[in-house]
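Here the structure is laid out as structure tokens; the discussion comes afterwards.
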Amino acid sequence: MNYQNILCVGDSQTFGARTYGCYPLYLAQILSTKTPYKWRTINRSTNGYTARDLWFMLNREIDTIYDTFQACLLIGTNDCGENKDCDLFEEYYRQILRMFSVKHYRAVFCGEIPPIYPDGHIFFNKATIERRERLNHVIEKVVSEFPQAYLVKMEGLSRDCYEDPVHFNEKGNLLVAEAFSTAIQKL
């Protein structure tokens with residue numbers, strides 16, 4: 001079989017919280033129909049994770065993942081909601097990308113933090129919009145430091161793509177999968 005593996009890491013947005021599907025599932029489906037390969041996505045995400053949590057998890061688990069040389073990274077929404085330190089977020093993000101580099105990943109597709117739609121949720125209020133902008137600038141900066149890292153913009157995600165301020169519905173999962181798929185196919 002002619003196949004490709006891709007590791008998807010992140011928080012509840014990657015996990016697919018609030019829906020039955022998730023963007024990694026749709027990503028494998030899209031890539032399997034648009035390329036000559038049968039794609040397998042490996043979803044190693046956990047609800048509630050921050051960049052710090054992801055860094056710890058990857059340090060424990062990266063050596064257990066074989067025959068995989070590309071990844072999708074979507075993290076930062078909880079860092080916004082929990083008002084985490086911007087400088088520490090930057091260093092955790094850098095260490096995550098460095099880990100992929102050391103493990104010889106050829107491509108890491110780094111999703112910007114998707115839009116947040118405040119609606120009275122205590123963790124995702126209007127202040128998180130400004131923090132999202134700051135952290136997205138950090139992501140862009142860190143991605144530019146790694147030749148195998150590619151920034152993936154999350155365009156087209158309107159409020160009707162969400163179940164709540166941050167979790168995608170199936171339409172949102174599909175749009176995120178399409179954004180990653182487009183970036184992957186451009187290589």
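Since every read-out is calculated from the coordinates, none of them should be taken as a lab result. This is a predicted model, so every value here is computed, not measured. All Cβ positions, glycine included, derive from the backbone under ideal geometry; neighbour counts span all protein chains shown.
Work out the length of the dipole vector of the stretch 72-115 about its Cα centre, built from +1 on the beta-carbon of each Lys and Arg and -1 on the beta-carbon of each Asp and Glu, and round it to the nearest 20 debye.
Working: 5 positive and 7 negative charges, 82 e Å.
Magnitude of the dipole: close to 400 debye.
Taking only DSSP H segments of four or more residues, each worth -39500 (n - 2.57), what value at 222 nm results for the chain once the sum is divided by all its residues, to the nearest 500 deg cm²/dmol? Please report the intermediate quantities before stating the final value.
Values: 7 runs with 82 residues, N = 187.
That calculation yields -13500 deg cm²/dmol at 222 nm.
Any idea what the dipole of the stretch 3-185 comes to, in debye rounded to 20, about its Cα centre with Lys/Arg Cβ at +1 and Asp/Glu Cβ at -1? Walk me through the numbers before you get to the answer.
Numbers: 20 positive and 23 negative charges, 101 e Å.
My answer is approximately 480 debye.
So, counting K/R as plus one and D/E as minus one, what does the shell of residues with Cβ under 11 Å around residue 182 add up to? Mind showing how you got there, number by number?
Details: positive: 34, 153, 186; negative: 155, 178.
Net charge in that neighbourhood comes out at +1.
Tell me which of 6, 150, 21 sits at the most positive position along the dipole axis of the stretch 3-185, charges placed on C-beta atoms (Lys, Arg +1; Asp, Glu -1).
6
Pairs of lysine in the chain with Cα under 28 Å and at least 8 positions apart or on different chains: total?
Close lysine pairs under the 28 Å cut-off: 23.
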